[in-house]
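Okay, so here's the structure we're looking at.
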Number of protein chains: 2
Amino acid sequence: MIRISKLTDYAFIVLGHMARGRHEAVYAAAELATGTGIAVPTVSKVLKSLTRAGVVRSLRGVRGGYALCRPARETSVATVIHALEGPIAITECGIAEHQCNQSDACHTRGNWDLINQAIRGALESVSLADLVRPPNDHGAEVSIPLTSLTLPRATELTE
Amino acid sequence: MIRISKLTDYAFIVLGHMARGRHEAVYAAAELATGTGIAVPTVSKVLKSLTRAGVVRSLRGVRGGYALCRPARETSVATVIHALEGPIAITECGIAEHQCNQSDACHTRGNWDLINQAIRGALESVSLADLVRPPNDHGAEVSIPLTSLTLPRATELTE
DNA sequence: TAAAACAGGACTAGAATGGTCCCCAATCAT
DNA sequence: ATGATTGGGGACCATTCTAGTCCTGTTTTA
């Protein structure tokens, strides 16, 4: 239903935990597991994906663990989702089949791309640091206008 | 992967087909099935959901079928997705459990809501008519500024 | 060299999705 | 009236995806 997966949710919890400390701080997987209440193997799985995507870096060996590659402010929500779930797009498209070729569908694809871009834009506009910050902290907030859609206006929107 | 389901995709193909004719035109499910290349039972299933949501209306009996409730321009993409998949939200939230209560996660929920709203805004800004229109038809286009996010700016966005 | 900690991937159980089918209700033509 | 047509509702199964665990290997440091 247009949801992020549980694993991705865990990723945000774990990263949120890491974002509280100094951003160079190294956390062992087991440490993050107890800190967040998520099982160790699951935390490990999530961190592996984040490592491959360059969101965190890993340090092997006895005093090893994981650390953020960048300050939390410099990692976007889109990056994290992409790391765990692949490209952010609401339609498959390009996977063809369908009756896409037939007649109807394919006309619409170009427009879907605009929608995908708008969603991507929304997710790129928010950083890890923003998520960690309490919702009521309106101190340094700034209004970010998102990408605009270039499409004919829908005159009357339902619901 | 933040995708709409196949059923929802079918809904757009079927509605696209209907949107080409006069908007009062009545199409039997079987007719739409052959017109789109989708199996009859599947088309029926999709149309049932759309009927319940008030996107199309059904006419029973011998010369019955389905017709759009409104001109295509007045039905948004968000409405269609909502009809087939329920509320549009990227996170579950409110389903609790997690370690949500514990410490980390719950701080972030308020901010997730803003993200959800932005996505919803993008999907509400586009109508069925927009999707059907060929992507290159830039005749009557208008740039629609989407909802803005009120959050601290992410200084450097990766990817 | 042994212990600590990550890397990679195999594997299983459970849930969600996609698709089909069946029986009932409504409507219309004859 | 009656029967053909068409949608309504929901059950049902097969397949795929997801979540979560575990095992074996590699790297690093004390």
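Of all residues in segment B:1-54, those satisfying the criterion of being part of a loop (DSSP other than H, G, I, E, B), small (Gly, Ala, Ser) and in contact (Cβ under 8 Å) with a residue 40 or more places away in the chain are B:5, B:25. Across segment A:27-60, which residue is farthest from the other protein chains (Cβ to nearest Cβ) among those that are open to solvent by 50 Å² or more (accessible area, probe 1.4 Å) and within 11 Å of DNA strand D (Cβ to nearest atom)? The qualifying residue farthest from the other protein chains (Cβ to nearest Cβ) is A:60.
Number of residues in segment A:61-72 that are within 11 Å of chain B (Cβ to nearest Cβ) and in contact with a Phe, Trp or Tyr (Cβ under 7 Å, 6 or more places away or on another chain): the value is 0.
Being modelled with pLDDT of 95 or more, in contact with a strand residue (DSSP E or B) (Cβ under 8 Å, 6 or more places away or on another chain), within 15 Å of DNA strand C (Cβ to nearest atom) and over 18 Å from residue B:125 (Cα atoms) is not true of residue B:33.
Hey, could you check segment B:61-76 for residues that are more than 23 Å from residue B:130 (Cα to Cα) and open to solvent by less than 30 Å² (accessible area, probe 1.4 Å) and say which is nearest to DNA strand C (Cβ to nearest atom)? For segment B:61-76, the residue satisfying everything is B:64. In segment B:62-91, the residues that are among the small types (Gly, Ala, Ser) form Cβ pairs under 7 Å with partners that are within 12 Å of DNA strand D (Cβ to nearest atom) and open to solvent by less than 10 Å² (accessible area, probe 1.4 Å), at six or more places apart or across chains, as follows: B:67/B:56; B:83/B:50; B:83/B:55. Restricting to segment B:1-24, name every residue that is more than 9 Å from DNA strand C (Cβ to nearest atom), open to solvent by less than 20 Å² (accessible area, probe 1.4 Å) and aliphatic (A, V, I, L, M). Within segment B:1-24, B:2, B:11, B:13, B:14, B:15, B:18 qualify.
Mind listing whichever residues of segment B:64-77 are out of contact with any Gly (no Cβ under 7 Å at 6 or more places or on another chain) and more than 6 Å from DNA strand D (Cβ to nearest atom)? Spell out the reasoning first.
Pass one, segment B:64-77, residues out of contact with any Gly (no Cβ under 7 Å at 6 or more places or on another chain): B:64-68, B:70-77.
B:67, B:68, B:70, B:71, B:72, B:73, B:74, B:75, B:76, B:77, listed by residue number.
The values are calculated or read from the model by the stated rules, or taken from the named source; none is laboratory data. Model, not experiment: these values are computed from the prediction. Because the Cβ atoms are built from the backbone with ideal geometry, glycine has one as well, and the counts that use them run over all protein chains shown. Note: accessible area is taken over every heavy atom of the protein model, side chains too, but ligands, DNA and RNA are not part of it. Shrake-Rupley method; radii C 1.70, N 1.55, O 1.52, S 1.80 Å.
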